Amino acid sequence: MSLPRTWQFDLPGTNRPANVLIPERWYPGIQPVWPHCTSSRIYDAINGVRAVVIHATAGSSSEGAISVMRAGRASFHWLVPDENEQQHGHVVWACVPEARAAWHVRNNKTHPDVWNGRNRVNHYSLGIEVVNLQTPSDTFSNWQVAMTARIVRYCWEKYPNLRHVVTHAKLDPDRRRDPGTNFPWQTFKDLVLQEPQPLEALMADTVPAHDIPPAKIDLCSECSG
């Protein structure tokens, strides 16, 4: 059986999804926490995003994960609730603005497979935490796996240079093993890379903005600036 420290796949340049929505809500009261556990990105907030890192909390609740943010020790962009939480099956918690660097990977940890081994991964990545104990008895629910995949597809659509989907364990194998061996990595990968659905195919048939020539008529020059 493969181990989380080997898990990674790269997103292809084709079949990029379209119109992906996620049922996210801000975790209540999280905004005042940001100044103590996030940073301004050193790369462009859109074009600089190159990776999504998959984590598991090693705890049993969203509240426990948020307590780590409250302590100013770590942070993450999304938090996927566990089965014993009433939000499970309904809501994904948004915890940090995507435009900011969350503290989910140590600054000196990297891997040559991820943007040629560039360090300070937090500044070019997005972090997804899934609530799970990482014990043999705590399996991931189908909804948790599907929702984590949907978040990655949302990011894949939004960030033009996003390529790497990687585990925390691969980036920091001596210290971390998340998301843990119970995480069904192949199922997750298949969900991320699934063929476009009919609506997505319809959206993909639209002429991309970069192929549309600029308008020759001055419609509203006073609106610029």
For the chain, calculated [θ]222 nm from helices alone, where every DSSP H run of n ≥ 4 adds -39500 (n - 2.57): -5500 deg cm²/dmol
Distant-in-sequence amide H partners of residue 50 (H built 1.01 Å from N, under 5 Å): 125
Distance from region 53-116 to region 169-184 (C-alpha centre basis), Å: 14 Å
Other-chain or far-sequence residues with amide H under 5 Å of residue 41's (modelled H): 101
Whole-Hz ³J(HN,Hα) from phi, Karplus 6.51 cos²θ - 1.76 cosθ + 1.60, for region 184-194, glycine and proline x: x, 4, 5, 4, 4, 4, 4, 5, 5, 8, 4
Taking the chain and dividing mean pair separation by its residue count, relative contact order in percent (alpha carbons under 8 Å, at least six apart): 32 percent
Per-residue HN-Hα couplings for region 22-36 [Karplus 6.51, -1.76, 1.60; θ = phi - 60°; Hz; x = Gly/Pro]: 10, x, 9, 9, 5, 4, x, x, 7, 4, x, 7, 3, x, 9
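Each value in this text was obtained by applying a stated rule to the coordinates, not by laboratory testing. Because the structure is predicted, anything quoted here is derived from the model rather than measured.
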